[in-house]
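Here the structure is laid out as structure tokens; the discussion comes afterwards.
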Amino acid sequence: MERKIYKLLLISPAQPYIGYTAHAQLARMFGKKRLMIPLALPVVAAYTPDHYDILIVDEETEDVPVDYHPDIVGITTLNATRERAFQLGDFFKAKGIPVVMGGINASVLPEEYLEHSDAVVIGEAENAWERCLEDFERGELRKSYTADPKYDYMNPKKPRWDLVNMDLIFQVAVQVTRGCPFNCDFCLVSKIFGRKMRFRETDNVVEEIKSLPSKYIFFVDDNLTINKKYAHELMEKIKPLGISWACMASIDVADDEMLLEEMADAGCFNILIGFESLNPGSLDETHKTHNEGGRNFTDAIRKIHQAGIQINASFIVGFDNDTLEEFDRIYEFTLKTGMSNVNLHLLASPPGTVLYSKLRDQGRLFNVPLNMGAGFFPTIHYARMGQLEMFDKYMDTIKRLYSWETILEKAKLLFSNGAFTSHGVDISFLSKFRLTSILLKEFLLTKDINKRALFFFLIMLIRNKRIAVDRAFSFMLSMLSSHRQIALNLKLNDHYRTLIRQNDLGPWNDRDPLNFTDI
């Protein structure tokens, strides 16, 4: 007897607020809707049996087809997409269609998600999703499914990128490790994936990369180079593949200069590094001890830049030791070190973290709109800063970080060493024409003297063979992307300030507990 074909709809809900770190404007310059979609959807599709007809929808790139009638719906979640996930779950449940939710936020708040779904997959999908579908087919769907024991992850299946419309996105995500040995108070990674690291076989990684529909890759591992022996082997294996990629790593990657050279030779052009704070007291407060110990950040940054790799520097402000001065300290530090890509966030406390439990017990949480918890808004009561003054200082710092005057000064420091001469993956003629037109219009036909100066500075370096053409052009496009998104967000600044003012109690440490009742 022929087996029944089931229709499965997999959804990644849209985030209502798009920060400048998402590089949405850069994707649009390439004629795309989004830089990349969450890896969760293609992975879940890979572990779905063959008798399912799968439709993947990422709401950042396309609308959910409301007239489509699947047999079952799967929704992946983040804290910032929780509200939209609830709306989607309620919509399909009202139609009598079973809804299963998973992802980080659903994993730590399963009871809350079960109010809007029929089942929740807690933690990793492998070893759990297939059992969930088997129960669904029998009409015996349980409330929750957990992968236990943890999936060994040595030879996972290839994600189903063939189900993704690549005309809408620029790059694809690849993951090669699971777990994190660190236990930062504000992070959930070790709680979801465990503190024991699991590594894929490098040949398995190579076969996946060979099958990908794009040569532009982002390794989503929280620390790709945590095991230096494994990292060396991986670089040797992926070097012949001709890919262009970015990753996340800790600052200690600079301790192995040979590895940095191998990474650059294998196609690495950018590393996202979580500096988190320049305040030793704040690092100690959150147990991010691997950034302490008297490490010379400036020397480490110089080594990474000398290898021809840019740094995407991540910082968080809002720890109990922090004051408004931290914003200026971060600005001056990134200016001195030539780090142009700066991901600046305000401290948030995702449910499930140690930080969340601590602040909850102190009464420092409040009913913030669910979609504001993405690091761009003050979402807790901070010890030494009021929320509104903190937000105003944050926006002022973002504007300073991405002013053309600052970008020009950083570019001169970053690129004058002549280390950025390696070429990336070639792009189509149409893309070259589109991007060149944008650059000429924005940087040559402009009245902004700093933008023009940046353009001619980089052209001079190109002529002197001190920088590759694509590295120079991609830098200008990346900076333009951030600048445009910040300008869009600033148009809504008054609205955001009004929302923030409603919760602003001033610095938590300054309140008078005898007269304080609004907790």
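Assorted remarks:
- Among the listed pairs K239/K451; K196/K229; K33/K157; K303/K336; K33/K491, a Cα-Cα separation exceeding 24 Å is found for K239/K451; K33/K157.
- The residues H51, H23, when put in order of fewest to most other Cβ atoms within 10 Å, stand as H51, H23.
- Near-label residues of segment 445-477 by backbone N, under 19 Å of a point 7 Å along Cα→Cβ of T436: 445-446, 455-465, 467-477
- A simple spin-label model places the labels of R3 and D284 5.9 nm from each other, with each point 7 Å out along Cα-to-Cβ.
- In a fully extended conformation the segment linking N227 and F366 would gain 46.1 nm over its present Cα-Cα distance, using 0.36 nm per residue.
- Full-stretch length increase - N155, D494 - with 0.36 nm per residue and alpha-carbon distance subtracted: 117.0 nm
- Any cysteine of the chain lacking a neighbouring Cys Cβ under 4.7 Å - listed by number: C132, C180, C247, C268
- The ranking of Y68, Y394, Y382 from fewest to most other beta carbons within 10 Å of each one's beta carbon is Y68, Y394, Y382.
- Bridgeable lysines around K447 (alpha carbons under 21 Å apart, same-chain partners fewer than 8 residues away excluded): K399, K410, K412.
- Helix screen, the chain: DSSP H segments with Cα axial length of 20 Å or more and mean Kyte-Doolittle hydropathy at least -0.5 are 449-463, 469-490.
- DSSP-defined beta bridges in the chain - what % are antiparallel, rounded to 5: 5 percent
- Magnitude of the charge dipole for the chain, about its Cα centre and with charges confined to Cβ atoms of Lys, Arg (+1) and Asp, Glu (-1), is about 1580 debye.
- Of interest is the spacing of the C-alpha centroids, which for segment 108-135 and segment 291-344 amounts to 39 Å.
- For the chain, calculated [θ]222 nm from helices alone, where every DSSP H run of n ≥ 4 adds -39500 (n - 2.57): -11500 deg cm²/dmol
- Of the residues A246, G267, L430, the one whose Cα sits farthest towards the positive end of the charge dipole of the chain is L430 (charges of +1 on Lys and Arg Cβ, -1 on Asp and Glu Cβ, taken about the Cα centre).
- The order of T61, T48, going from fewest to most other C-beta atoms within 10 Å of their C-beta, is T61, T48.
- By the Stokes-Einstein formula, at 0.692 mPa s and 37 °C, segment 193-345 with its Kirkwood radius over alpha-carbon pairs has D equal to 199 µm²/s.
- Residue range of the chain that is longest and free of GluC sites (Glu not before Pro) which are both DSSP loop and sparsely packed (at most 15 other C-beta within 10 Å): 293-519
- Only aspartates and glutamates eight or more places from K432 in sequence, or on another chain, were considered; those with a Cα closer than 19 Å are D167, E442, D470.
- In summary, the aspartates and glutamates within cross-link reach of K158, defined as a Cα separation below 15 angstrom excluding same-chain residues under 8 places away, comprise D50, E126, E201, D203, E207, E208.
- Estimated from the Cβ-Cβ distance and a Förster radius of 51 angstrom, the FRET efficiency linking E111 and R463 is about 0.20.
Just so you know, all these numbers are worked out from the coordinates, no wet-lab data involved. Owing to the predicted nature of the structure, the values given are computational and were not obtained by experimental measurement. So basically every Cβ, Gly included, is an ideal-geometry build from the backbone, and we count neighbours across all protein chains shown.
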